[in-house]
Amino acid sequence: MAKPDVTISAPDPLFLGTPVTIDITITAPTETKVDFIDARLTGDQGWKVGSGKSQVTMRMKWPKLEARLMGPGVLGAATITKLSARFDLPSDVPPTHEVGQAWSRMKFFVHISIPWRIDGRYYYDFTVRRPPPPIVERAPLMVRSTTAPGKPRIELALASTTLIAGEELVGTCAVFHLDDSEPRKVDLALVPELALTGRGRTRERRGEEIAGAMEIPAGGAGQGVPFRISLPKDMTPSFVASTHQLSWWLVARTGGFFTGKVDVAMPLIIVDRAALATTPRLTAAPRLGDERVATLFAQFAAKHQWRGGEPESADFAIEKDIGDLELRLAYAYRGKEGTFLVASVHTPSLGLGLAVAPSSSFRHMFWRDVEVDIAAWDAAHHVKARFAEQAIPYLKGVVPALMMAGSLGPMVRWGDSEVVFERQVAEVGPEDLVSAARHLENLAYVMSDARAAIHPPKNVVADMAAWRALAETLGGRFGAGDLSIQGTLDGLPVDLGLGWVEDLPVSIHVAVGDPDRASEELKKVVISLPRPASDVLAANAAERLVELITRWPSDIVDLKVEHGVASAAYLLRGGELPVADAERVRTLVMDLRAVIAALDRGTGPYR
C-alpha cells in the first residue's frame with residue numbers, strides 16, 4: 001500500500017533567532033489510520049580532522065526542535081490534510097556551511113506513524129543564515145608588516161574591516177623599502193580561519209582561500225595604490241558556535257625566494273548579504289603614505305629629540321621616553337570620520353585595575369565609581385578600580401594635570417598602562433605638535449611622580465623592602481599595585497605578579513623565557529603539570545627534570561612550558577591575610593630558569 005505523499009512550504013532561507021513556520025501538506029492515496037504525525041527540525045554541526053586511526057571528529061546535534069502535529073486519527077482517501085509546525089530558531093547556531101573540515105547543516109523531518117505498516121519518514125534540507133546586525137558599523141583600519149625603521153614592509157588599509165558578503169572590499173596597499181624599478185605584483189587573499197573546539201583542545205585550520213592580486217606600478221614604492229575585491233555572495237559570514245568558529249583575514253603578500261617575502265594580515269568581520277539592502281556601499285579608499293604629514297613628523301622629531309618619523313618611512317607616529325614612560329604622538333586617518341591627532345602616555349602596569357570612561361546618568365545610576373572629590377572631574381568621568389582606597393591617592397595626584405591638558409582633546413581611555421587623547425583636526429601643523437608635546441611631557445612627569453602613592457592591596461601581606469630588592473635583583477621595575485615585576489634573569493625576560501579570583505589575591509604567577517631567543521628544540525617542548533611535584537613522576541619525564549621538580553613544594557602549581565617560556569603559580573597562604581613571600585617568588589624564578597636550562601640540553605620526552 002502506497003505511503004501518503006508529503007510536501008512542505010517554508011521560507012528559504014531560514015534566519016536564526018526568528019520564529020519559523022513550516023506548512024506540511026499530506027495526501028493519502030487510501031484511507032490511512034495514523035497513531036501520530038510528528039515534525040522535527042534538527043541542526044548538525046561539527047568538524048573532522050585527520051584520517052584513518054588518527055581521525056578526530058566532533059559532532060553536535062543542535063537544536064532539536066520537535067512538534068506533534070496530529071494525534072491518533074485517520075487520513076481520508078484522496079483528501080488533503082494541511083498541518084503547520086512552528087519553531088523558534090535559537091540564535092547560537094552557525095549558518096549553513098561547508099568550510100574546510102567543518103560543517104553546519106539543518107534538516108527537517110516528518111514522521112507519520114502508521115500502525116501495522118512501515119511508517120512514513122520524510123527528510124528535507126534547509127539553508128540557514130544568520131541575520132546581519134540592524135546597523136553595520138564600518139570600522140576603518142590600517143596595519144603594517146613591521147615598524148622597524150628602514151626595513152622592507154607592506155602596509156594595508158581598508159575603508160572598513162566590517163564587510164558584507166556580496167559587496168566590494170575597498171582598500172589601499174603600499175610597499176616601502178622594496179625595489180620598485182619594475183611593476184610589483186601583490187597577491188591578495190581572503191583567508192577563512194577555523195578554530196575547532198572540543199576533544200580536549202582547540203585546533204586551528206584554514207579553509208580554501210579566495211585569491212586576488214593587484215599591481216604596484218614602477219616607481220610606486222611609498223605610495224598608496226587603491227584596490228577592490230568583490231566578495232562572493234555565498235561567502236560564509238563570521239560566526240562563533242559551540243563546536244567551532246570562523247574568522248576571516250585579508251592577507252597581502254609580495255616578494256619571492258631571492259628577493260625576500262613580505263606579508264601582512266588584517267582581521268575582517270563578514271556579515272550576511274541581507275545587509276546590502278540597508279547599508280551604503282563603500283566608495284573611498286583610505287589613504288596611505290601621506291608624504292606631507294610624514295615629513296612634518298620627521299622634522300619635529302629631529303628638532304625636539306623625539307624618535308621615529310623618518311621621511312622615507314612615511315610613518316605617522318613619533319615617540320619619546322621619560323623614565324620608563326613612553327609618550328606618543330600619532331596622526332590617524334579614519335575615512336569619513338575625519339583625521340585625528342592622537343596623544344598618549346604609556347606606563348608599566350599600575351596594577352590598580354583602573355578603567356576610566358566618560359560619565360553618564362546611566363553609569364552613575366547602576367554602578368558605583370571611585371571619586372576624587374574634584375566636582376567637575378567626578379561629574380564628567382566614571383572611574384573603576386579594583387580597590388578604591390588603593391587607587392584614590394594616585395588619582396588625586398594625576399587628575400589635576402589631566403584637567404589642564406585640554407588642548408590634547410577629549411580623553412578616550414585611561415587604564416593601568418595608558419592614557420589616550422584624541423583631537424579631531426582638518427590637518428596637522430607644527431604648532432599642533434609643539435603644543436601637544438608640551439602638555440604630554442608635563443603629564444608624564446606628574447604620572448611618574450604619582451606612582452609613589454600606590455601601595456599594595458590591603459588584603460595581602462608583603463614585605464616591601466624584600467619585593468623592591470627582588471625587583472632590583474631582576475633589573476626590573478616593581479609595581480606595588482599588584483606586586484608585579486618585569487625584569488630579566490640571565491638575559492631572559494621575567495614577568496610576575498598577583499593572580500586574582502574576583503578581588504581576592506590567590507597566587508603569584510611567574511613566567512621566564514623568550515620565544516624569540518629559544519632554540520628550535522625548546523620551542524617544540526610542551527609541558528603541562530597542574531601539580532608539578534607529584535605529576536612529574538607520572539609524566540615519563542627525563543631524570544634531570546624529575547630531580548628538579550620533585551623538590552618543589554606543593555604550593556607551586558600549574559607548571560607549563562610552551563613556545564620556550566616556562567611559567568608556574570605560587571599559591572598564597574597565611575592566616576586571615578595571605579602572605580606574598582618575595583623570597584619564595586625569587587626561588588620560583590630560579591627554578592623556572594633551571595627548567596628551561598634542563599630542557600634546552602636537547603633531550604627529554606616532551607617533543
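The values are calculated or read from the model by the stated rules, or taken from the named source; none is laboratory data. Since the structure is predicted, the reported quantities are computational estimates derived from the model, not experimental observations. A quick note on method: Cβ atoms are made from the backbone with ideal geometry, for glycine too, and the neighbour counts reach across all protein chains shown.
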**OP:** Take segment 528-567 and flag every residue that is over 26 Å from Asp581 (Cβ atoms) and among the charged types (D, E, K, R).
**Re:** Glu543, Arg544, Glu562
**OP:** All but one of (1) touching a residue at least 60 places away in the same chain (Cβ under 8 Å); (2) over 20 Å from the mean Cα position of the chain (by Cα) hold for Pro217, so report the exception by its number.
**Re:** (1)
Subject >> Subset of segment 490-515 that is within 16 Å of Ala566 (Cβ to Cβ) and without any contact (Cβ under 8 Å) to a residue 60 or more places away in the chain - its residue that is surrounded by the fewest Cβ atoms within 10 Å (Cβ to Cβ) >> reply: Gly491
Original post:
In this structure, is Ala471 touching a Gly at 6+ places or on another chain (Cβ under 9 Å), at pLDDT below 85 and surrounded by 18 or more Cβ atoms within 10 Å (Cβ to Cβ)?
Top reply: no
**OP:** Scan segment 158-188 for residues that are touching a helix residue (DSSP H, G or I) at 6+ places or on another chain (Cβ under 9 Å) and either within 25 Å of Pro133 (Cβ to Cβ) or surrounded by fewer than 22 Cβ atoms within 10 Å (Cβ to Cβ) (or both) and report the count.
**Re:** 7
**OP:** Assess whether Trp116 counts as being assigned by TED's automatic domain parsing to the domain that holds Thr32, among the aromatic types (Phe, Trp, Tyr) and either crowded, with 19+ Cβ neighbours inside 10 Å or modelled with pLDDT of 95 or more (or both).
**Re:** no
Subject >> Among the residues listed as Pro11, Pro90, the single one being in contact with a Pro (Cβ under 9 Å, 6 or more places away or on another chain) and in the same structural domain as Pro115 (by TED's automatic domain parsing) >> reply: Pro90
**OP:** Tally the residues that are of a type outside the set (S, T, N, Q), part of a strand (DSSP E or B) and in contact (Cβ under 8 Å) with a residue 60 or more places away in the chain, restricting the search to segment 1-31.
**Re:** 10
**OP:** Kindly indicate whether any position in segment 228-237 is in contact with a His (Cβ under 9 Å, 6 or more places away or on another chain), hydrophobic (A, V, I, L, M, F, W, C) and either under 30 Å from Ser91 (Cβ atoms) or assigned by TED's automatic domain parsing to the domain that holds Glu98 (or both).
**Re:** no
Original post:
Among Ala462, Ala444, Ala480, Ala511, which is touching a strand residue (DSSP E or B) at 6+ places or on another chain (Cβ under 9 Å) and within 30 Å of Gln305 (Cβ to Cβ)?
Top reply: Ala444
Original post:
Of the residues that sit in segment 461-481 and are in contact (Cβ under 8 Å) with a residue 24 or more places away in the chain and under 32 Å from the mean Cα position of the chain (by Cα), which one is nearest to Val494 (Cα to Cα)?
Top reply: Leu474
Original post:
What is the number of the single condition among (1) surrounded by fewer than 15 Cβ atoms within 10 Å (Cβ to Cβ); (2) under 27 Å from Ala298 (Cβ atoms); (3) modelled with pLDDT of 90 or more; (4) not hydrophobic (A, V, I, L, M, F, W, C) that His439 does not meet?
Top reply: (1)
**OP:** Determine which single condition Ala195 fails, assuming it passes every other condition in (1) in contact with a His (Cβ under 7 Å, 6 or more places away or on another chain); (2) in the same structural domain as Phe15 (by TED's automatic domain parsing).
**Re:** (2)
Subject >> Which listed residue is among the hydrophobic types (A, V, I, L, M, F, W, C) and in contact with an Asp or Glu (Cβ under 8 Å, 6 or more places away or on another chain), from Ala533, Ala569, Ala538, Ala580 >> reply: Ala569
**OP:** Taking only segment 214-271 into account, find how many residues are touching a Phe, Trp or Tyr at 6+ places or on another chain (Cβ under 7 Å) and surrounded by 17 or more Cβ atoms within 10 Å (Cβ to Cβ).
**Re:** 11
